[in-house]
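The values are calculated or read from the model by the stated rules, or taken from the named source; none is laboratory data. None of the values given here were measured: they were computed from a predicted structure. FYI the Cβ positions are ideal-geometry reconstructions off the backbone, even for glycines, and counts take in every protein chain you see. For accessibility, only protein heavy atoms count, side chains too; no ligands or nucleic acids. Shrake-Rupley method; radii C 1.70, N 1.55, O 1.52, S 1.80 Å.
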Amino acid sequence: MTTLPNTQQAEIRVVGVVQGIGFRPFIYAQATHRGLVGFVLNTGNSAVLIVVEGEKKKIIEFIESIEIDKPYLAVIDSIQTFWHTATGEFKEFQIRISKNEQKAGGSVIPADIAVCNDCIKDMNNSQSRHYQYPMTCCAICGPRYTTITDTPYDRERTTMNEFPLCEACDREYNNPLDRRYNAQTICCPICGPQFTLLRPDGTVLDVKDPFIESVKLLNEGAIVAVKGLGGIHLAVRATLDEQVQRLRKLRKKPNKPFAIMSKDLESIHKYAIIDSTAERLLLSWRRPIVVIPQRIPFLLSKFLSPGLDTVGVMLPYSGIYLRLFEGLQDPALVMTSANPTGLPTIIQASTFQEHFMDMADYFLTHNRTIFQRCDDSVVIPIFDRELIIRRSRGYTPEPIDTVNGGPSILSVGALEKNTGAIYHKRRIFLTQHIGDVDTVEALQFLQEGLSHLQNLLRVTTFDAVACDLHPDFLTTQYGAELSKTYQVPLIQVQHHHAHLAAILADHKLPLDEEIVAICCDGAGYGPDKTVWGGEILTGNAHNYTRSAYLEPQSMPGGDLAAKFPFRMLLGILSKKYSETELRRLFEIGAKKSLPRGVAEFEIILAQIYRDINTPVTSSTGRVLDSLAALLGVSTQRTYEGEPAIRLEAFANNGTYQPGIQLDIPVELKGKAQVLKISNLVDQILQLRDEFRGPDLALAAHQTLGKTLAQTAIGASKSNGLTKIGFSGGVAYNKILTRTIRRIIEAEGYEFLMHRNVPAGDAGTAVGQSLVARANLRKAS
Ligand SMILES: [Zn+2]
Ligand SMILES: [Zn+2]
């Protein structure tokens, strides 16, 4: 074929999130529209290769359109163009099938994407092939991370491989002008996964439509287990006190907030308050659980989030959930994730039944394998954005971009609410939410999550393994094994130093940028072998100094003091009162605050004053717990952070009272400032009968926030620094975050909040990888 004189060939390489989101059909349409010939191809390293021939002017226009008109989920990192002489070898424009390229390059796979409006229209259209089909999806929506078994992203490397396309689906799949063109997970009632409704004994209910029957059963009050895309939920009507409590008993979760789902914003408005940030987050394609204030009087069951003034809610992200609202009598369904310990990542019908026998009345299930379990993500709206509590479905495996490349690091995280991470070139890839790694099963889940990432990224070796400093964590032992396997250094990272570094990563700061970080949480192992958790650190990814900390307090009974906050209260007040005084003050209160009453109270006093089993901690969480005990808000922790979270809800009912004068003296000890926190707790004790509890709780929060902010400002001043970050689980506390931010910004400093990295321990793997990279040379 001859070429016209003004024709040229362009070889274009587009790198970024460009696979699995309808990018190639978009390119096809743009090229054919301009009369260009050639091809487009997914390569295995998160790039798309385009070769076009035609008029140079048209090609330039085409390249511009890639940037301007790209599909809404595409993220383009770079477009490289190489010009060549036209060859005349192409007759048309084609989408070519993937070459199995194995170059290591940091492949980017999209996260699961909520069902799009066009697909919902199909589901609602009785003339459509997809009418009422729960797994309807297209090239821009549907599951991704949970179904991909390998790269490049093609149907044969997804769990849809087990479902060959029917004739009609195949036509759509192969028609470049169809919105299901090359959509890897498409299917229909003829060729796709089938749903069945089971009784707990495994027998199938003989019903025409398992969804219509499920809704009927839900309306009658049944608990229905629902197998979704990345895991299993337990569903029950959200207004039924008795059934919600029954579910609590079955799940052995007495107080932990249950997430709920509503079909639309209008329904949510009936029971919760949605501001513009919350609305944006609820509607986003990531569809996280968004924690928002309850509308009072609260229309739903008070047992959804006992003692709290918020509710965690999400909108349906797949047709599976949409169908559960057809004819439902409630504005919301409890939709709590039910992945019991020991449940393997690959969830199949048989394992499902075995594990759920005792949890639900019915099982609504389907015959598609869940390859990667991925729980719902959880976020809190604050200011104009979200703080991520649990980063999982809809986020994983989207990377955290940093400024510099460097050695590859494998991080195993810490203990609670854990994730693992791979730092490869400029990007940190976090696994999906793993949970507390305190069992062999959870450790196995972490291993699977990391090896899946490793496989997707084609990373075969690492330069270092990073883990926590705590010698007894399962993850620390796992890290040690991995460092032997790869024969690379093991770098143990102090927990709060990891939090500091996580702030650096989250703000794209270089490894050597010094900041001051307020790192407040429940517990982290300190280099002095005590438990840290109320730290103001100054440093960068290489090093840190402990500029300030909360005065260490006795934890009578060790871990029991975290479980029963009254113990912590006594530990803290023992700094101010003698044994006799404490007995006089609290003997009566002990009866209802301790499981074994006065007998236990006497043991605690003995532990404190004879120094038996009383480790010390500078934890902020324990201080908030003790205030929760003092103000009668919480006597027992049944889930992580419970007393402190309830205290915040309690404080939200408080108002400013000029008569409440609180202060936390700060004293220099060695080179560090110590915040004398027992003063604050004692002042609250003394004002307890004079003022309302919520007013005192609010004032205590504000005083703590103010003192932390001012101390951090002091550390910044003396080190000539301008940026102050806030990290750790306590950063989810809105009263504290608002107070700290206000003071820091009023003084002209830059306040660094977390953005894409969880503030809690789910973000420590990110910090560990930065610290490891920074210290690699030193260690080896
Ligand atoms: Zn769609
Ligand atoms: Zn089909």
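Laid out as a table, the results:
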| read-out | value |
| --- | --- |
| Residue check, Glu648 surrounded by fewer than 18 Cβ atoms within 10 Å (Cβ to Cβ) and at pLDDT 95 or above | no |
| Matching entry among Ala349, Ala338 (being open to solvent by less than 10 Å² (accessible area, probe 1.4 Å) and either farther than 30 Å from Asp118 by Cβ or modelled with pLDDT of 95 or more (or both)) | Ala338 |
| Helices (runs of 4 or more DSSP H) fully within the range 483-588 counting 2 or more residues that are without any contact (Cβ under 8 Å) to a residue 40 or more places away in the chain, within 21 Å of Gln607 (Cα to Cα) and not polar (S, T, N, Q) | 565-573 |
| Conditions (1) more than 16 Å from ligand 1 (Cβ to nearest atom); (2) without any contact (Cβ under 8 Å) to a residue 60 or more places away in the chain; (3) among the polar types (S, T, N, Q); number of the one not met by Asn255 | (2) |
| Positions within the range 413-431 being under 18 Å from Arg458 (Cα atoms), surrounded by 23 or more Cβ atoms within 10 Å (Cβ to Cβ) and not aromatic (Phe, Trp, Tyr), in sequence order | Gly420, Ala421, Ile422, His424, Ile428, Leu430, Thr431 |
| Pairs with Cβ under 7 Å, 6+ apart, first in the range 654-678 and among the hydroxyl-bearing types (Ser, Thr, Tyr), second part of a loop (DSSP other than H, G, I, E, B) | Ser678/Glu551; Ser678/Lys575; Ser678/Lys576 |
| Pro288 outside the structural domain of Ala629 (by TED's automatic domain parsing) and crowded, with 24+ Cβ neighbours inside 10 Å | yes |
| Members of the range 183-192 found to be within 11 Å of ligand 2 (Cβ to nearest atom) and touching a Cys at 6+ places or on another chain (Cβ under 7 Å), listed by number | Ile186, Cys187, Cys188, Ile190, Cys191 |
| Residue in the range 158-166 that is in contact with an Asp or Glu (Cβ under 7 Å, 6 or more places away or on another chain), more than 14 Å from ligand 1 (Cβ to nearest atom) and either of a type outside the set (Gly, Ala, Ser) or not assigned by TED's automatic domain parsing to the domain that holds Asn367 (or both) present | no |
| Odd one out for Arg144 among (1) touching a Pro at 6+ places or on another chain (Cβ under 8 Å); (2) assigned to a helix (DSSP H, G or I) | (2) |
| Residues satisfying the stated conditions in the range 126-146, i.e. touching a strand residue (DSSP E or B) at 6+ places or on another chain (Cβ under 7 Å) and more than 15 Å from ligand 1 (Cβ to nearest atom) | Thr146 |
| Test: residue in the range 576-599 that is on the phi > 0 side of the Ramachandran plot and either in contact with a Phe, Trp or Tyr (Cβ under 6 Å, 6 or more places away or on another chain) or not aromatic (Phe, Trp, Tyr) (or both) | yes |
| The range 386-404 - residue that is assigned to a loop (DSSP other than H, G, I, E, B) and open to solvent by 50 Å² or more (accessible area, probe 1.4 Å) and, of those, nearest to Leu282 (Cα to Cα) | Glu398 |
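Residues are listed down the side, and each one gets a yes or a no for (1) modelled with pLDDT of 85 or more; (2) more than 26 Å from the chain's Cα centre (by Cα); (3) more than 16 Å from ligand 2 (Cβ to nearest atom); (4) open to solvent by less than 10 Å² (accessible area, probe 1.4 Å):
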{"position": "Ala114", "(1), (2), (3), (4)": "yes, no, yes, yes"}
{"position": "Ile120", "(1), (2), (3), (4)": "yes, yes, yes, no"}
{"position": "Ser126", "(1), (2), (3), (4)": "yes, yes, yes, no"}
{"position": "Ile140", "(1), (2), (3), (4)": "yes, no, yes, no"}
{"position": "Arg144", "(1), (2), (3), (4)": "yes, no, yes, yes"}
{"position": "Tyr153", "(1), (2), (3), (4)": "no, no, yes, yes"}
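Listed here are the residues, each with its yes/no results for (1) modelled with pLDDT of 90 or more; (2) more than 16 Å from ligand 1 (Cβ to nearest atom); (3) acidic (Asp, Glu); (4) open to solvent by less than 30 Å² (accessible area, probe 1.4 Å).
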{"position": "Thr149", "(1), (2), (3), (4)": "no, yes, no, no"}
{"position": "Ala168", "(1), (2), (3), (4)": "yes, yes, no, yes"}
{"position": "Leu177", "(1), (2), (3), (4)": "no, no, no, no"}
{"position": "Ala183", "(1), (2), (3), (4)": "no, no, no, yes"}
{"position": "Pro193", "(1), (2), (3), (4)": "yes, yes, no, yes"}
{"position": "Leu197", "(1), (2), (3), (4)": "yes, yes, no, yes"}
{"position": "Lys227", "(1), (2), (3), (4)": "yes, yes, no, yes"}
{"position": "Leu247", "(1), (2), (3), (4)": "yes, yes, no, yes"}
